[in-house]
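Step one of this worksheet: look at the structure below.
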């Protein structure tokens, strides 16, 4: 069974613009479908909402900056978040710990076993989401050019 083209196109758009502000209204205008339909279809196909996907991928992308960047606000802005408060809220929801605790973890400072377990469990969950989306994209219907169609018909 092939993946839905609309959802694949949305995923590609989101991945290419993940650090920019993205709205459902924008997706609706861009892909010529009703907002409600886009949100329902995305959730049905991937079992995650568009907003959850965006925030999860932003957090995933932000993880690589914690080792070298001392300023969490800078990490937030680099990854499409407009405020430290919202970044911290989304980070804790996705990683199970605050950005400050994760910063300690990346710098090999002492954190509790429970905090480390939360980090590893949530990181595994995020990687599963990313893997599922990549697998979904890999099941897209191949595009056959008119030339190939004509060639095969002769």
Output the qualifying pairs, or none if there are none: Cβ atoms under 9 angstrom, residues six or more apart or on different chains, first residue in the stretch 120-132 and within 17 Å of residue 12 (Cβ to Cβ), second residue modelled with pLDDT of 95 or more and surrounded by fewer than 17 Cβ atoms within 10 Å (Cβ to Cβ). 129/48; 132/47; 132/48
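Surrounded by fewer than 17 Cβ atoms within 10 Å (Cβ to Cβ), in a helix (DSSP H, G or I) and in contact with a helix residue (DSSP H, G or I) (Cβ under 8 Å, 6 or more places away or on another chain): is that true of residue 28 in this structure?
Working: surrounded by fewer than 17 Cβ atoms within 10 Å (Cβ to Cβ): yes; in a helix (DSSP H, G or I): yes; in contact with a helix residue (DSSP H, G or I) (Cβ under 8 Å, 6 or more places away or on another chain): yes.
In short, yes.
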If I filter the stretch 12-20 for residues that are in contact with a helix residue (DSSP H, G or I) (Cβ under 9 Å, 6 or more places away or on another chain) and more than 24 Å from residue 139 (Cα to Cα), do I get at least one hit? yes
Within the stretch 1-14, of all residues that are in a helix (DSSP H, G or I), touching a residue at least 24 places away in the same chain (Cβ under 8 Å) and surrounded by fewer than 16 Cβ atoms within 10 Å (Cβ to Cβ), the one farthest from the chain's Cα centre (by Cα) is 5
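Just need a number here: residues in the stretch 31-53 that are part of a loop (DSSP other than H, G, I, E, B) and within 22 Å of residue 139 (Cβ to Cβ). Give the derivation first.
Step one: of the stretch 31-53, the residues part of a loop (DSSP other than H, G, I, E, B) are 32-34, 47-49.
Then drop every residue that is not within 22 Å of residue 139 (Cβ to Cβ), which leaves 33, 47-49.
Within the stretch 31-53, residues that are part of a loop (DSSP other than H, G, I, E, B) and within 22 Å of residue 139 (Cβ to Cβ) number 4.
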Of all residues in the stretch 104-151 being out of contact with any strand residue (DSSP E or B) (no Cβ under 6 Å at 6 or more places or on another chain), part of a loop (DSSP other than H, G, I, E, B) and under 28 Å from residue 42 (Cα atoms), which is modelled with the lowest pLDDT? 145
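Quick one: which residue in 91, 87 is more than 22 Å from residue 47 (Cα to Cα), at pLDDT 95 or above and either in contact with a helix residue (DSSP H, G or I) (Cβ under 8 Å, 6 or more places away or on another chain) or surrounded by 16 or more Cβ atoms within 10 Å (Cβ to Cβ) (or both)? It would help to see each step written out before you state the result.
Details: 91 fails: more than 22 Å from residue 47 (Cα to Cα).
After applying the criteria, what remains is 87.
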May I ask you to list the residues in the stretch 52-86 that are without any contact (Cβ under 8 Å) to a residue 24 or more places away in the chain and within 23 Å of residue 24 (Cβ to Cβ)? 52, 76, 77, 81, 83, 85, 86
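Considering only the stretch 54-75, how many residues are part of a helix (DSSP H, G or I), surrounded by 15 or more Cβ atoms within 10 Å (Cβ to Cβ) and under 19 Å from the mean Cα position of the chain (by Cα)?
Residues that pass the stated criteria total 12.
Each row is one residue, and each column tells you yes or no for (1) part of a loop (DSSP other than H, G, I, E, B); (2) closer than 19 Å to residue 54 by Cβ.
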position: 77; (1), (2): no, yes
position: 82; (1), (2): yes, yes
position: 88; (1), (2): no, yes
position: 94; (1), (2): no, yes
position: 102; (1), (2): no, no
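The values are calculated or read from the model by the stated rules, or taken from the named source; none is laboratory data. Source: prediction; values computed, not measured. In this analysis, Cβ positions are derived from the backbone assuming ideal geometry, glycine residues included, and neighbour counts consider all displayed protein chains.
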